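Input: a single structure, listed below in structure tokens.
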Amino acid sequence: MSIIDANFHMCFVLILTAIAVYLFAREKLPLEATSVVILTSLLLFGQFFPLLDENGRNQLDAADLLSGFSNPALLAVLALLVMGQAIIRTDALRALVKFFVNNKHMPARLSIFCIFMFVMVFSAFLNNTPLVILTIPIIQAIGISAGISESKIMMPLSFAAILGGMTTLVGSSTNLLVSSTMVELGYDPLGFFDFLVPGMMLAAVGLVYLVIVLPFLVPDRRSLKQKLEGGEKEFIAELDVTADSVLVGMEFTEGVFPALPDVDVRLIQRRGHLILPPFEGYQIEQGDIMIVAATRESLAGLLSKFPGFLLSDEEVKVMEDADDEEEKSGPQDLEDGVSETRILAELMIPPASRFVEMTIDQVDFQRQFNIVILGIQRRARVVRRSMGRIRLEPGDVLLIAGAQGSINSMRGQDQTDVTVLSGSKTDLPIPKKAPVAAFIFIITILLASLGILSIAVAAISGAVLLIATGCLNIRQATRAIDRKILFLVGAMLALGTAMQATGGTQFIADMMLKAPFADEPLYMLAMLFIIVALCTNILSNNACAILFTPIAMNMGIDLGVDPIIFAVAVIFAANCSFASPIGYQTNLLVMGPGHYRFRDFLVAGIPLVLVIWIAYMFVAKFYYGL
């Protein structure tokens, strides 16, 4: 086929780019579906209308357009997501962040500020999406205990994670993609801490905004549940004190039993007698039966650390059998092994259930369903009896633990006696693996930051080690890989390749250079920054990074300025995803818990984008000397 005029190719790619921006902004189609449509369009166009170079090679062939899926930055991002999932599954950071909840000498608002600082610092090294997932329940607990509306603290949490992520190379996938695009353009990759100082300057300005200005812009919007109940739901559970239990001899001090800081002891049954609060001066003895009230999170923590507190020896064996089956499963029976993963779920007793008016012991859930009961939630009245003697009523919610296969079997269409509540299933944490996960994570960061291994090699190696050491299994690792990121990055890298090959990026740079102040690097940098910052809230930070990095590099070269300065500007601008809930995943994560509307992000986020923009102009002038 003869060579088609390059302008035709450039026009097609630019029009396709505009269509991509429109489709991503409107979100009429799922993000991954739009990505596939864009990628397919490029592949077909390159096949039927090849763009030949001087050697007769098609610059839009499938190998070039699909090379983005093997991009080291993309693989590093996916591996970091797996590592983040392992941190969550093992509760490796829980001991640190739990300090803020249990510290009685620190005011609630100071604790919240410390958590924001914690999130900002760790977001520089850990993918901020799983970090926000990890800290949402922590900051919720502080807000509930202090009577602070969740809408006042959830958006600042997301913004703090984004601000921290713009300080190091691994802080955000955006940063890695800019560096990767620079390599494809023939430049050296960015170093781990190359933009740490200006990034910290911008993060500090953003933190001041979060603390002083943002509280006046976000609404005080409480959930209906908070208004009616005023707190997180609790389950009634039973703790049996055996002869070898660490609880034996423990004394009630400062309002709690030290090994049970997060549970409310309602009564103690001791040799046929009931001991009611207060428990000052009492010590736990062998054979005591403790009736406690605790949240789902607290019970899950007890089950993971001290299964003997909640379960009998027979029930412990049921839970251990699930782990044994998973460890023994080989590649040929991987799915069977996955089905035995230990998980938590919630069951509701419907009105028509034949279990109504039966005691928990009479139902014998362990025999019928191969699950164990951890606790029961009942709104009607306080439960002050042994769990096995509680008669079930319609509407009771049971917290259960068991193999995933067992719990999935309870969802059958012919099962009308219990209802597995939608969205209640979660994997049980394995805190005994927390030191291993933390060690692997720290070593991975050190190897990458010292340049001993590339970020992609370090991240992939760390993810593999976390799986090999049992910090998470294959199913959990694959679930941690966000297919939206995979397809979006692959498609937008292809679009970036096409724009570069057809001269589209140079064309846009030339148009920007025709501005009246085109000979002023600082003004051009300001224009580039605000354009990218606006686009990142309607497109995506990753897409903006890939599309605008070549443009920024060309602008820097044409202006006679170090192009690295313009590439770093793209990093900071593409991270300004504050003005839209779809701008960044952490915004979507906090939208539900914070009860936000789209307009809330516009009101609170647009001023922050402008503040960061102005701050970067000062950084560019006085730090980079423009």
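Per-residue answers, yes or no, for (1) modelled with pLDDT under 85; (2) over 23 Å from LEU525 (Cα atoms):
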site: LEU559; (1), (2): yes, no
site: ALA567; (1), (2): no, no
site: SER580; (1), (2): yes, yes
site: LEU588; (1), (2): yes, yes
site: PRO607; (1), (2): no, no
site: LEU610; (1), (2): no, no
site: TRP613; (1), (2): no, no
site: GLY625; (1), (2): yes, no
Within the stretch 264-280, take every residue that is in contact (Cβ under 8 Å) with a residue 24 or more places away in the chain and either β-branched (Val, Ile, Thr) or open to solvent by less than 80 Å² (accessible area, probe 1.4 Å) (or both) and give me the one that is farthest from LEU374 (Cα to Cα).
PHE279
Condition first: over 21 Å from SER173 (Cβ atoms) and open to solvent by less than 60 Å² (accessible area, probe 1.4 Å). Now tell me which residues in the stretch 438-459 satisfy that.
ALA438
Taking only pairs six or more apart or across chains, which ones have beta-carbon atoms under 6 Å, a first residue in the stretch 343-355 that is closer than 30 Å to THR90 by Cα, and a second residue that is at pLDDT below 85 and hydroxyl-bearing (Ser, Thr, Tyr)?
LEU344/THR426; ALA345/SER424; GLU346/SER424; MET348/THR419
LYS28 - would you say it is of a type in the set (Lys, Arg), closer than 29 Å to ASN537 by Cβ and at pLDDT below 85?
yes
Just to confirm my filter: which helices (runs of 4 or more DSSP H) fall fully inside the stretch 90-171 and include at least 2 residues that are open to solvent by 10 Å² or more (accessible area, probe 1.4 Å), at pLDDT below 70 and among the β-branched types (Val, Ile, Thr)?
128-146
Restricting the stretch 7-45 to residues that are over 16 Å from GLY490 (Cα atoms) and not hydrophobic (A, V, I, L, M, F, W, C), the residue that is most open to solvent (accessible area, probe 1.4 Å):
LYS28
Need pairs with beta-carbon distance below 9 Å; first residue part of a strand (DSSP E or B) and within the stretch 281-307, second modelled with pLDDT under 75 and open to solvent by 40 Å² or more (accessible area, probe 1.4 Å); sequence gap 6+ or separate chains.
ILE291/ARG384; ILE291/ARG385; ALA293/VAL382
Quick check on the stretch 247-263: of everything there that is farther than 17 Å from PHE306 by Cα and not aromatic (Phe, Trp, Tyr), which residue is surrounded by the fewest Cβ atoms within 10 Å (Cβ to Cβ)?
GLU254
Name the helices (runs of 4 or more DSSP H) wholly inside the stretch 520-607 in which the number of residues that are open to solvent by 30 Å² or more (accessible area, probe 1.4 Å) and under 28 Å from ILE15 (Cα atoms) is 3 or more.
521-535, 541-559
Starting from the stretch 393-411, take each residue that is over 18 Å from LEU374 (Cβ atoms) and assigned to a helix (DSSP H, G or I) and list its partners that are open to solvent by 20 Å² or more (accessible area, probe 1.4 Å) and of a type in the set (Ser, Thr, Tyr), counting only C-beta distances under 7 angstrom and pairs at least six apart or across chains.
GLY405/SER339
Residue check: is PRO198 in contact with a Ser or Thr (Cβ under 6 Å, 6 or more places away or on another chain) and either modelled with pLDDT of 85 or more or surrounded by fewer than 19 Cβ atoms within 10 Å (Cβ to Cβ) (or both)?
no
What pairs come up if the first residue lies in the stretch 556-579 and is closer than 11 Å to TYR624 by Cα, the second is of a type in the set (Phe, Trp, Tyr) and open to solvent by 10 Å² or more (accessible area, probe 1.4 Å), and their beta carbons are under 6 Å apart, counting only those six or more places apart or on different chains?
ILE565/TYR624
For LEU29: the one exception among (1) part of a helix (DSSP H, G or I); (2) under 24 Å from ILE481 (Cα atoms):
(1)
Out of the stretch 185-195, which residues are touching a residue at least 12 places away in the same chain (Cβ under 8 Å) and either open to solvent by less than 10 Å² (accessible area, probe 1.4 Å) or not hydroxyl-bearing (Ser, Thr, Tyr) (or both)?
LEU185, LEU190, GLY191, PHE192, PHE193, ASP194, PHE195
Of the residues in the stretch 49-83, those that are of a type outside the set (Asp, Glu), without any contact (Cβ under 8 Å) to a residue 12 or more places away in the chain and closer than 15 Å to THR502 by Cβ number 1
Scanning the stretch 46-57 residue by residue, those on the phi < 0 side of the Ramachandran plot and open to solvent by 30 Å² or more (accessible area, probe 1.4 Å) turn out to be GLN47, PHE48, PHE49, LEU52, ASP53, GLU54, ASN55, ARG57
Log entry, pairs with first residue in the stretch 470-491 being touching a residue at least 12 places away in the same chain (Cβ under 8 Å), second being open to solvent by less than 20 Å² (accessible area, probe 1.4 Å) and not in a helix (DSSP H, G or I), beta carbons closer than 7 Å, six or more apart or on different chains, reads ASN473/THR341; ARG475/THR341; LEU488/SER540
When the residues of the stretch 460-509 are filtered to those that are surrounded by fewer than 17 Cβ atoms within 10 Å (Cβ to Cβ) and β-branched (Val, Ile, Thr), which remaining residue is farthest from GLY556 (Cα to Cα)?
THR469
Yes or no: the stretch 280-290 includes at least one residue that is among the small types (Gly, Ala, Ser), at pLDDT below 80 and under 35 Å from the mean Cα position of the chain (by Cα).
no
Have a look at ASP519, ASP482 and point out the one that is closer than 24 Å to LEU23 by Cβ, acidic (Asp, Glu) and modelled with pLDDT under 80.
ASP482
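The values are calculated or read from the model by the stated rules, or taken from the named source; none is laboratory data. Keep in mind that what you see is a predicted model, and the values were worked out from it rather than measured. Counting neighbours? That spans all protein chains shown, and the Cβs are built from the backbone with ideal geometry, glycine included. These area figures cover heavy atoms from the full protein model, side chains too; ligands, DNA and RNA do not enter into them. Shrake-Rupley method; radii C 1.70, N 1.55, O 1.52, S 1.80 Å.
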